[in-house]
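**Student:** Please read through the structure below; I'll follow up with questions.
The values are calculated or read from the model by the stated rules, or taken from the named source; none is laboratory data. Source: prediction; values computed, not measured. Cβ coordinates were reconstructed from backbone atoms using ideal geometry, including for glycine residues, and neighbour counts include every protein chain displayed. Each accessible area value is taken on the protein alone, full model and side chains, heavy atoms only, with ligands, DNA and RNA left out. Shrake-Rupley method; radii C 1.70, N 1.55, O 1.52, S 1.80 Å.
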Amino acid sequence: MQKVAREQLLELKRIVRERGKEINCPVWPDCQARLFESGDFAAPRRVWSPRAGGVFTIPAGVPISQIEVLDEETRKRVSSWIWERNAAFKTLGEEDEAELPELTRAHIQELTKRKPLLAEQRIDRALQAIGKPPVSILSKSTFRPTGDQQEQAERKMLFEAATECGGSAGEMDWLLEELEQSGFVRLLPMSEPDSGLGPKVYRLTFKGLGRLETGGEALVSKTAFVAMWFDDEVEGALEKGIASAIEEAGFKPLLINRKEHANKICDEIVAEIRRARFLVCDFTCGLLPDNDAKSGKTAIARGGVYYEAGLAHGLGKKVIWTCRSDLIDHVHFDLRQYNCIHWEDGKEDELRRKLVNRIRAEIT
């Protein structure tokens, strides 16, 4: 997938919207989209579709008919992913780049395996899709909007893509009403909720803005949270294997024991896991003599690692599991169903290679 900077994405979006031809959206065929072709047969086609989540590309030589998404649940997942990738650019520094989402049959197949968004994820994405005040969002839009109405209609469709509403007005109304009950948004006086004709207009409250600014899911974070035993015994695996693999794959390793902060450590851990793109959890642990054990030793399980892995799993984060080969039998049996990367002392380069491949395969 092609990498571009934030300003390049904005310019690309402008070109596609102004110069692209109107087509049926490959993700939502009953909606209109814009397709821009540069004339270079080797270049990917660019598509703008707010219903599908924003800007995405189609590889050169691949007919659009071959990538059409058929069932509604998959359309929701694909749109959510495209929106997620577009939202990534808002957090980039001036010199940073992110990948444009590329829609292929392989990506669609992979996205069918994605779990639906959790309630907490939908809340955070909804707040991001609404945006900071004085921006507001309408629960309905006119049939053929123009001017400012067009921008409002697009914001509504992007909201639906972000939160996996799938174009369902009923589900969007339900989500906005729940956000209002939770105090994250308020219904503006200009709305006409009783008539059933005019749209309801919502805007973030201080509470909603606070959650948007200080917490919530980091959609396009470049951070990988590392949970492991911080000891000299595994320092080589951390530095030469795990940390270097994360960096080689294009992410930044975050180790909570090296991060300066003034908060309680448990609060900081929860916040960073929520913000991370994925986790690497290493279950290597120390051993103590134990005459009652068959091996003569018993493991000192790293409770913090289990806690952080469980928290991430509950939040729907991708977790990559690793462990030193000679200690794999000491990992709790509930976790042995997962595909764990085994590593050995003195073979940190092999750990790095395996982990790079796993990250590139699983972190879409």
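**Student:** Roughly how many percent of the accessible protein surface of the chain is carbon and sulfur, given a 1.4 Å probe and a whole-percent answer?
**Tutor:** 49 percent
**Student:** Per residue, how much accessible area does the chain show when a 1.4 Å probe rolls over the protein heavy atoms, in square angstrom?
**Tutor:** Value returned for the chain: 51 Å² of accessible area per residue.
**Student:** For Lys113, what is the net charge nearby, where nearby means another residue's Cβ is under 13 Å from its Cβ and Lys, Arg count +1, Asp, Glu -1?
**Tutor:** +1
**Student:** Can you pick out the pairs among Lys90/Lys156; Lys132/Lys317; Lys113/Lys317; Lys113/Lys252 whose Cα atoms lie more than 20 Å from each other?
**Tutor:** Checking Cα-Cα distances, Lys132/Lys317; Lys113/Lys252 exceed 20 Å.
**Student:** Over all pairs of distinct alpha carbons, what does the Kirkwood formula give as the hydrodynamic radius of the chain, in Å?
**Tutor:** Final number for the Kirkwood radius of the chain is 22.6 Å.
**Student:** About its Cα centre, how strong a charge dipole does the chain have in debye, to the nearest 20, once Lys and Arg get +1 and Asp and Glu get -1 at the Cβ?
**Tutor:** It comes to approximately 900 debye.
**Student:** How large is the helix-only mean residue ellipticity at 222 nm for the chain, computed as the sum of -39500 (n - 2.57) over DSSP H runs with n ≥ 4, divided by its residue count, in deg cm²/dmol to the nearest 500?
**Tutor:** Calculated at 222 nm, the ellipticity per residue is -11000 deg cm²/dmol.
**Student:** Okay, next question. Given Cα pairs under 8 Å that are at least 6 residues apart, what percent is the relative contact order of the chain?
**Tutor:** Across the chain, relative contact order equals 13 percent.
**Student:** Taking the Cα centre of region 1-128 as origin and charging only Cβ (+1 Lys, Arg; -1 Asp, Glu), how large is the dipole, in debye to the nearest 20?
**Tutor:** 300 debye
**Student:** Can you list residues from other chains, or at least 5 along the same chain, whose modelled amide H is less than 5 Å from the amide H of Val185?
**Tutor:** Placed amide hydrogens put Glu180, Thr205 under 5 Å from Val185.
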